[in-house]
Amino acid sequence: MDEMASRAESVIPMQVSAPMPGFGEFFEAEKERLLRALTVITGSLPEAEDIAQDAFMKVYERWPSVSVMDEPVGYLHRTAMNVFRNRYRRASLALRRGLQIAPAPDGFTPVDDRDVVARALARLTPRQRAAMILTAQFGYTGEEAGRMLGVSSNTVWALTHQARAALAESGDELDA
Amino acid sequence: MSSMRDPDRLLEQGMEHVRLSPFTLEGFYRARERRRRHQRQAALVVGLAIAAVVILGTISVLPRASTAPASGPPNTRASVIPSTPAPVTTDLSGTWSGSYDGFVGNDKASYLGSPNGTFTLTWAQTGNDLSGTIRLKSGGIQDISGTIEGRTIQFGTPGFEGITFTGVVKENSMAGQYEVGGSARGTWTAHKTQ
């Protein structure tokens, strides 16, 4: 599925025509789940909206081809993860280059400090959250999630393992 | 009630707890149109910037390109059109004495017999075509052929490891660079003696 999406992304010509049939339904069906996932991954709703907007835009531009894929949702998720990775990489690079660009504020902390779930998730890195969402919530295999995140399946396994351990530890504290 | 110890449940709750702001299809289309408009504006700005650079570059090059012989006419339209080869103003036929200085990277080359030295060119010119010989002081004489387009001269020796000279002619002198077999290279200069 991902390979198909990847190939398609590179060869499908850009479409710039007016609203296309079927896209609206796809958008309405997928937007909320994607937006929730991206908000948890990035920890920022505005950031998540930007990524979702970019991802849907790329899907829209290739909709005639994407719509006939076996799994258009997979293409959407892969595209969203690509956008997320690029933004994450740029932010990391900027920090490493000492540009003093502050990382995007983690939305979990200011949203509600009393929210125990948010505090637990805030302990994870964006990559750990992404790996866990892709595998546990979206049901992708380690290989598929790895391709989306640009890492090996072993790394996905390590990230989800670390995430689960950290969440379990948070759960212990919360249960206590 | 499920325990907070379940990581999957925690994650699920995290997604459920996200407070979404309206993310509508209409908003998506509006944002898309806005972005496309910004892209068009950015493309326009880039296009204008490139055009400005090209125009400024052309203006700064024109005075040099149109430098004519002292007896020539002042700057005319014909002399500022770069796509039109300037007429040959100098008859290169005759004998020219020259020198060269060669190098390969930082190393002096000896592809012309020695890293530097002198040579004698003998030209016969027909229109823009040149033919003649080059005699190196370090030894040897070879046939050469070439062309002159405006003030740009190109000539070389035939053969697998031929020597290619390129340069600019200015009245009774010429100078440029040479290359041997695509590797060794250097500079050369010559002036007309007969």
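Taken together, the values in this text are just the output of simple stated rules run on the coordinates, not laboratory data. These numbers were taken from a predicted model, which means no experiment stands behind them. Glycine gets a Cβ as well: all are built from the backbone with ideal geometry, and neighbour counts include every protein chain shown.
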Self-check item: Theoretical FRET efficiency, 1/(1+(r/R0)^6), r = Cβ-Cβ of residue B:24 and residue A:89, R0 30 Å, to 0.05
Solution: 0.50
Practice problem: Please compute the net charge surrounding residue B:26, taking Lys and Arg as +1 and Asp and Glu as -1 over other residues with Cβ under 13 Å from its Cβ. | Solution: +2
Quiz item: In nm, what is the difference between 0.36 nm times the number of residues separating residue B:191 and residue B:173 and their Cα-Cα distance?
Solution: 6.1 nm
